[in-house]
Amino acid sequence: MTGRRLKLAGLVAFTACNAPAVETAAAPPAPDTAAIRTELQALSDRTEASYLAGDAAAVAATYADSAIAEFQGFPTAIGRPAIESSYAQYFAANQLKVAEITIGSVSPTSPATVTALGTYHSFGESAGKPLHQWWRYVAAYEKGADGQWKFSYIMAFVDSSRTE
């Protein structure tokens with residue numbers, strides 16, 4: 001190695017050894033999936049109670065202001081007023097005796113957003129006839145400034161594998 005190359009190699013080594021350490025930002029803590037699941041279950045419990053009461057306003061209150069609800073066989077509802085209207089029409093035609101929301105997988109995407117898959121089961125009457133339904137859903141939730149989770153998007157469809 002020539003003297004010039006040796007000096008250059010020494011300078012590079014000296015700089016590398018004496019350069020200030022580059023600080024890396026600490027990754028934020030992973031969201032607590034178990035805690036989020038518990039909070040989402042509380043939301044589901046309130047939703048079930050509102051379904052059984054036929055209370056469209058209470059159900060709509062579980063949705064964010066700009067939420068989107070897409071249910072098979074119903075027009076897409078965008079925004080809380082449209083969602084409340086859809087539920088009011090549904091409850092006017094159907095009296096539920098059973099409403100069960102089961103949360104399957106929960107996947108936090110940030111401390112304030114999460115997606116989940118699940119099922120919905122209901123039993124009641126429609127026009128005096130028994131109504132027994134099984135649905136599957138995918139939902140996105142957002143945590144508001146008040147610390148409460150709300151639906152921001154939901155898509156639900158009839159579970160064709162269930163016929164009972």
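Note on Lys129: aspartates and glutamates with a C-alpha under 17 Å away, same-chain residues under 8 apart excluded, are Glu164. Beyond 22 Å, the tail of the calculated P(r) for the range 54-164 holds 32 percent of the Cα pairs. Since only Phe123, Ala56, Ala92 are under comparison, the one whose Cα sits farthest along the positive direction of the charge dipole of the range 24-164, derived from C-beta charges on Lys, Arg, Asp and Glu, is Phe123. Legend: translational diffusion of the range 31-83 by Stokes-Einstein, Rh = Kirkwood radius over C-alpha pairs, 37 °C, 0.692 mPa s; D = 269 µm²/s. Rounded to the nearest 10 square angstrom, Asp32 shows an accessible area of 90 square angstrom against a 1.4 Å probe.
Within a straight-line Cα-Cα reach of under 19 Å, Lys150 can be paired with the following aspartates and glutamates, leaving aside sequence neighbours fewer than 8 residues apart in one chain: Asp32, Glu39, Asp45, Glu48, Asp55, Asp65, Glu70, Glu84, Glu100, Glu142.
The values are calculated or read from the model by the stated rules, or taken from the named source; none is laboratory data. Since this is a predicted model, take the numbers as computed values, not measurements. Virtual Cβ from ideal backbone geometry, glycine too; neighbours counted across all protein chains shown. Calculation scope for accessible area: heavy atoms of the full protein, side chains included, ligands and nucleic acids excluded. Shrake-Rupley method; radii C 1.70, N 1.55, O 1.52, S 1.80 Å.
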